[in-house]
1. Given the condition within 12 Å of the ligand (Cβ to nearest atom) and either part of a helix (DSSP H, G or I) or touching a helix residue (DSSP H, G or I) at 6+ places or on another chain (Cβ under 6 Å) (or both), answer yes or no: does some residue in the stretch 229-252 qualify?
2. Filter the stretch 95-108 down to the residues that are closer than 17 Å to Asp150 by Cα and either among the acidic types (Asp, Glu) or away from the ligand (no atom under 13 Å from the Cβ) (or both) and list them by number.
3. Looking at the stretch 299-315, is at least one residue more than 16 Å from the ligand (Cβ to nearest atom), in a helix (DSSP H, G or I) and either surrounded by 15 or more Cβ atoms within 10 Å (Cβ to Cβ) or under 20 Å from the mean Cα position of the chain (by Cα) (or both)?
4. Against the definition (surrounded by fewer than 20 Cβ atoms within 10 Å (Cβ to Cβ) and away from the ligand (no atom under 16 Å from the Cβ)), how does Leu343 come out, yes or no?
5. Quick one: would you say Glu146 is open to solvent by 10 Å² or more (accessible area, probe 1.4 Å) and either aromatic (Phe, Trp, Tyr) or closer than 19 Å to Pro311 by Cα (or both)?
6. Exactly one of (1) within 12 Å of the ligand (Cβ to nearest atom); (2) farther than 19 Å from Thr413 by Cβ is unmet by Ala111. Its number?
7. Name every residue in the stretch 170-188 that is part of a helix (DSSP H, G or I) and closer than 13 Å to Ala135 by Cβ, in order of residue number.
8. Regarding Phe148, is this residue touching a strand residue (DSSP E or B) at 6+ places or on another chain (Cβ under 7 Å), under 15 Å from His464 (Cβ atoms) and not aliphatic (A, V, I, L, M)?
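The values are calculated or read from the model by the stated rules, or taken from the named source; none is laboratory data. Because the structure is predicted, anything quoted here is derived from the model rather than measured. Cβ atoms come from the backbone with ideal geometry, glycine included; neighbour counts cover every protein chain shown. Accessible surface areas use protein heavy atoms only, side chains included; no ligands, DNA or RNA. Shrake-Rupley method; radii C 1.70, N 1.55, O 1.52, S 1.80 Å.
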Amino acid sequence: MNYRSTRNNTITKKDKIALLQGLSEDGGLFVLENFNEKKIDLKNLLDKSYTDIAFEVLKLFFSFDESKLKSVIEKAYSKFSTKKVTPLVELKDAHVLELFHGPTSAFKDVALTLLPYLIQLALEGSDQEILILTATSGDTGKAALEGFKDVDQTEIIVFYPKNGVSKIQELQMRTQEGKNTKVCAIEGNFDDAQTAVKNIFLDEDLQKKLGNKKFSSANSINIGRLTPQIVYYIVAYIDLVKNNKINLGDKINFVVPTGNFGDILAGYYAKKLGLPVNKLVCASNKNNVLYDFLTTGIYDRNREFLKTISPSMDILISSNLERLLYDLSGSDDKYIKSLMDELKQNGKYQVNADILAKLKAEFGSGYASDEETSHIIKKVWEEEKYLLDPHTAVAYKVMLEQNLEGETVVLSTASPYKFCTSVANAVLNITDEDEFKLMEKLHEFTKVPVPENLKNLNSKEIRHNDLVKREDMAKYILEAEKCLK
Ligand SMILES: *Cc1c(COP(=O)(O)O)cnc(C)c1O
């Protein structure tokens with residue numbers, strides 16, 4: 001099975017290499033060569049479990065030994081606190097797909113519990129070592145650290161924006177255990193961190209200094225991160241069929257709180273595999289670069305980076321959009337390269353009319369301000385006794401103002417307890433307290449259970465204190481790498 005670069009169709013890599021490498025050497029993203037020929041048979045999936053469906057999907061993308069693939073999928077999803085892995089909850093206006101029952105209470109766990117095992121399978125029989133570099137807007141970092149903790153032949157370094165994540169998210173990372181883990185704050189925002197990490201990947205001198213150790217990525221630019229996310233779209237659909245909410249073949253909508261465009265791209269891939277989807281709705285916060293893009297065809301990151309109460313969506317450069325545009329342009333690598341060059345040089349590009357028309361046909365879009373997000377958290381709690389986290393609330397608000405035909409699923413990407421300050425403010429009208437006190441109060445008031453991994457966080461030892469300027473990240477990596485293991 002081969003993957004090729006979105007910026008050069010002649011750069012091709014075996015699936016295992018694409019997985020280990022993360023990003024193509026020309027800066028492009030890896031896409032499956034014969035993806036258009038791949039299809040799933042929904043009828044055959046009706047009586048299957050989450051892990052069985054995951055196996056059916058992942059074997060379309062990876063050539064691993066099937067029994068080994070099955071076994072790592074089982075191992076990964078046994079770490080979830082619900083047997084269903086991603087349960088669906090019915091509210092008045094939509095179904096909420098809860099993706100946050102993994103070890104760190106973020107939807108990133110769905111992919112990051114599995115990715116380390118996929119990397120291990122790809123490394124089998126070689127003595128190569130992998131150094132995972134990750135830029136995080138909060139949730140990826142912790143989920144990746146937890147996934148790669150003490151995994152042989154791997155080390156992981158996570159960079160997060162110093163003032164760009166919630167207190168709980170920061171504590172989750174700074175208390176991380178494992179002899180192969182490092183966490184470092186940077187002075188800058190998430191885009192700064194992500195751009196610096198992408199440049200480090202392409203830095204051949206730095207790579208040489210690492211010898212047998214190769215960089216890889218746990219961000220959604222890695223196909224091993226993206227592909228497990230296709231699964232829950234299909235599982236949600238099958239659940240609706242089994243609960244008699246829809247008939248097999250009916251089209252449904254998905255509303256997705258979006259940042260790096262990984263999650264919603266997985267939905268688009270599910271649709272391409274044959275899932276009956278009407279609209280995929282891209283929901284943003286005030287950093288609404290994607291809303292502007294999907295309505296005008298102009299991608300323009302030249303704007304102020306705003307901090308919001310949905311920090312995991314505070315992103316102005318959505319990496320995975322490149323894969324979508326590659327697909328919509330009919331694999332036109334030269335066109336994609338020219339757009340990405342423009343983005344790099346001017347922070348801006350415009351797609352042609354044909355692609356804009358396709359974008360409008362496939363995607364809906366909308367955005368919510370912080371006030372609107374808080375309002376929705378309060379309203380849904382008061383009317384339905386369901387507690388939304390701020391990211392999910394952004395999607396919920398956008399869902400309410402779309403005119404969608406058929407059933408709609410809103411993807412819920414985090415436990416509300418990861419963002420206690422904003423959620424307690426919305427529901428209880430209190431702010432000026434310690435985040436853990438707010439967690440208790442929120443629990444007392446709502447009786448919604450607090451996830452185990454968040455309960456004792458404030459009594460855990462702080463193990464990571466590093467802070468660097470973004471221009472010093474490469475130097476930091478070289479020093480950190482020597483102390484690991
Ligand atoms: C990462 C994240 C998102 C955005 O997902 P993308 O795949 O980056 O679009 C939304 N909500 C939460 C809570 C997240 O952690």
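1. So in the stretch 229-252, the residues within 12 Å of the ligand (Cβ to nearest atom) come out as 229.
Imposing the further condition that a residue be either part of a helix (DSSP H, G or I) or touching a helix residue (DSSP H, G or I) at 6+ places or on another chain (Cβ under 6 Å) (or both) reduces the set to 229.
Checked against the condition, which is being within 12 Å of the ligand (Cβ to nearest atom) and either part of a helix (DSSP H, G or I) or touching a helix residue (DSSP H, G or I) at 6+ places or on another chain (Cβ under 6 Å) (or both), the stretch 229-252 yields at least one hit.
2. Residues of the stretch 95-108 closer than 17 Å to Asp150 by Cα: 103-104.
Listed by number, the list holds a single entry, Pro103.
3. The first filter runs over the stretch 299-315 and keeps only residues more than 16 Å from the ligand (Cβ to nearest atom), leaving 300, 302-304.
Filter once more, so that each one left must be in a helix (DSSP H, G or I): none.
Checking the stretch 299-315: not a single residue is more than 16 Å from the ligand (Cβ to nearest atom), in a helix (DSSP H, G or I) and either surrounded by 15 or more Cβ atoms within 10 Å (Cβ to Cβ) or under 20 Å from the mean Cα position of the chain (by Cα) (or both).
4. Numbers: surrounded by fewer than 20 Cβ atoms within 10 Å (Cβ to Cβ): yes; away from the ligand (no atom under 16 Å from the Cβ): yes.
Against the criterion (surrounded by fewer than 20 Cβ atoms within 10 Å (Cβ to Cβ) and away from the ligand (no atom under 16 Å from the Cβ)), Leu343 qualifies.
5. Values: open to solvent by 10 Å² or more (accessible area, probe 1.4 Å): yes; either aromatic (Phe, Trp, Tyr) or closer than 19 Å to Pro311 by Cα (or both): no.
No: the conditions fail for Glu146.
6. Condition not satisfied by Ala111: (2).
7. If we filter the stretch 170-188 for residues that are part of a helix (DSSP H, G or I), which is where we start, we get 170-174.
Selection gives Met173 alone.
8. On the way: touching a strand residue (DSSP E or B) at 6+ places or on another chain (Cβ under 7 Å): yes; under 15 Å from His464 (Cβ atoms): yes; not aliphatic (A, V, I, L, M): yes.
Spelling it out, Phe148 is indeed touching a strand residue (DSSP E or B) at 6+ places or on another chain (Cβ under 7 Å), under 15 Å from His464 (Cβ atoms) and not aliphatic (A, V, I, L, M).
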